[in-house]
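First the structure, in the form of structure tokens, and then the observations on it.
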Amino acid sequence: MEERESVYRSIFPKYFFMASTDFKRTVEDFVCEHCGKSVSGNGYTNHCPQCLWSKHVDVFPGDRAEMCGGAMKPVSFLKNGQKYVLLQQCQSCGHERSNKFLEGVDSFDTLLSLVDRKGEGF
């Protein structure tokens, strides 16, 4: 598993970052600015489960310290063992990050639609 992650990091280094040990759980409900879905947050919710878009608001998870506020477009995904990792890119500043895809919560059809858009965002 570590070898696979190392390969992913070498191919997609801009999508991986060092997580802060000062994670701040922030429980917030929101309306997705991309598709309009009302989302009930649980403190770990960081993207819309329907369209997989997010908002660029954190420097480190939960801190709400990022001033950009741009829309984070889902551009691709990786499969890590039995789990998926969603890759997003900010449409305002270009920042890229990875997020956990939650099976049973997030839209698998939307995730698979990213394959149809291959090449966009890379």
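All of the numbers you see were taken from the coordinates with simple rules; none came from a lab. Note that the structure is predicted; figures quoted are calculated from it, not measured. Cβ coordinates were reconstructed from backbone atoms using ideal geometry, including for glycine residues, and neighbour counts include every protein chain displayed.
Annotations
- Neighbours of Phe101 by Cβ distance under 12 Å: Lys/Arg scored +1, Asp/Glu scored -1, total +1.
- Across the range 50-122, counting alpha-carbon atoms alone, Rg and Dmax equal 12.2, 34 Å.
- Put simply, the amide H of Lys55, placed in the peptide plane, has neighbours under 5 Å in Met72, leaving out anything fewer than 5 places away on its chain.
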